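Everything on this sheet refers to the single structure shown next.
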């Protein structure tokens, strides 16, 4: 009889262990990502930090295999080797692999940038690193890792996933105004002072803000929002700012203070607020309130469903993005020498990207499955057409997209857009060739079918 009881006890312990593994938990972290006075941001030197802080915040999902980390930062972009290193730091802190970390910038312009590859190129040339000086980035990586590690001890159970969507009114508009010849007639940037330019139609946008929420019974733990639009109201000041998406995120955090609010910029490469923004500084709060209103309605429309480990999956497609034909080692080196000491230094970014492509580097595109929700994590300043196409592929699912992952590719247009002219697909802006659409859409289709 005793062996039978022992066997029963062993089965019971195994069942309990399996049940424990099936329990999902979620931890949140939030770190001040504001650069110190005297450091170089994307365009200006930081002279004051007495406004709203920049944030680096995210979630760690536990219990579905290795931990999964999603992180969003109020910087203009994190590129190439910088993107690799930042993900690796978060992965080590979470006890996972870098392949299960998604890191995205929100692309605010009064904010820092990071590319350790560009930094190394400038140092090797004996030139000042300017915006690519990685000193503060390395400090933030350490503090973010420390915060993530500390957050693990405070992880809460996850019992439900929530998903809601709502239309945002009077924020997004397409930047590319087409002429009768099928080419871009003029670019409507994020602030348009010309009334005639603001009077042009909205154009192709995704007006929807998507809201993904994690719940412990009736308590929201984290709220993630996704909206495609360049985040500028005005910029090129000497003060860091999270701009209107950061203010909207703060407002929603005040409305639902028990949950950490993390916002991701969708495929907003060719989208801005230019139709609704003439550059008046007061418009920052107007745009923030409109976005916050959409976020609020999406949260209120949330439909919740049970979530267990079996409902969670992390699939990754690895792609080699085709570099633009204009990217040449000698030309980029000439540009680096010519622009030394200026704020832009895009030549170093382009050269770092070109060398990675030549070495056979592949960019990882993760897709997080949460029951009937899919979250796609994409690189660069992606055109909104990719987001709309992804949603059309799976209308039966709640599909969200976060872009501005690895910033190395720069703007990523559609194949057609590269023949239409305009700023976004010009040699100064895009580091990829028209063939990029086939590569990315093939990967998106594969991920959404899994």
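Derivation of every value follows stated rules applied to the coordinates shown; laboratory data play no part. As the structure is a computational prediction, the values presented were derived from the model and not from experiment. Cβ: placed from backbone, ideal geometry, glycine included. Neighbour counts: every protein chain shown.
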Suppose each label sits 7 Å from its Cα in the direction of the beta carbon; what would the residue 30-residue 300 distance come out to in nanometres?
2.3 nm
When ranked by the protection proxy of mean other Cβ atoms within 10 Å per residue, highest first, what sequence do the peptides 96-107, 404-415 form?
404-415, 96-107
Nearest-0.05 FRET efficiency for residue 254 and residue 150, computed from C-beta distance (R0 25 Å):
0.55
Estimated inter-spin distance, residue 338 and residue 45, nm [label 7 Å along Cα→Cβ]:
2.6 nm
Where the centroid of each part is defined by its Cα atoms, how far is the range 306-349 from the range 391-450 in Å?
13 Å
At a threshold of 8 angstrom on Cα-Cα distance, excluding pairs fewer than six apart, so keeping six or more, what relative contact order does the range 26-449 reach in percent?
19 percent
Report, in degrees rounded to the nearest 10, the 0 to 90 angle that the Cα long axis of helix 243-255 makes with the longest principal axis of the chain.
30 degrees
Residue 392 versus residue 52: modelled label distance in nm, points set 7 Å from Cα along the beta carbon direction:
3.4 nm
Work out how much length residue 124 to residue 416 would gain on full extension: take 0.36 nm times their residue separation and subtract the Cα-Cα distance, in nm to one decimal.
101.3 nm
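Taking the mean number of other Cβ atoms within 10 Å as a proxy for protection, how do you rank 26-36, 392-402 from highest to lowest?
Averaged packing, sorted descending, gives the order 26-36, 392-402.
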For residue 181 and residue 308 in one chain, what is 0.36 nm times their gap in residues minus the Cα-Cα distance, to one decimal in nm?
40.4 nm
Any chance you could give the angle, 0 to 90 degrees and rounded to 10, that helix 384-393 forms with the longest Cα principal axis of the chain?
30 degrees
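Would you calculate a helix-derived [θ] at 222 nm for the chain, using -39,500 (n - 2.57) for each DSSP H run of n ≥ 4 and dividing by the full residue count, to the nearest 500?
-10000 deg cm²/dmol
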Output the antiparallel fraction of DSSP beta bridges having both residues in the chain, as a percent to the nearest 5.
75 percent
Please give the FRET efficiency for residue 216 paired with residue 328, using the beta carbon to beta carbon distance and R0 = 41 Å, rounded to the nearest 0.05.
0.15
Average the reciprocal distances over every distinct pair of alpha-carbons in the chain, invert the result, and give the Kirkwood radius in Å.
22.4 Å
Calculate how steeply helix 80-94 sits against the longest principal axis of the alpha-carbon atoms of the chain, using the helix alpha-carbon long axis, and give the answer as 0 to 90 degrees to the nearest 10.
20 degrees
Please compute the length gained on full extension between residue 167 and residue 142, using 0.36 nm multiplied by the number of residues separating them and subtracting their Cα-Cα distance.
5.2 nm
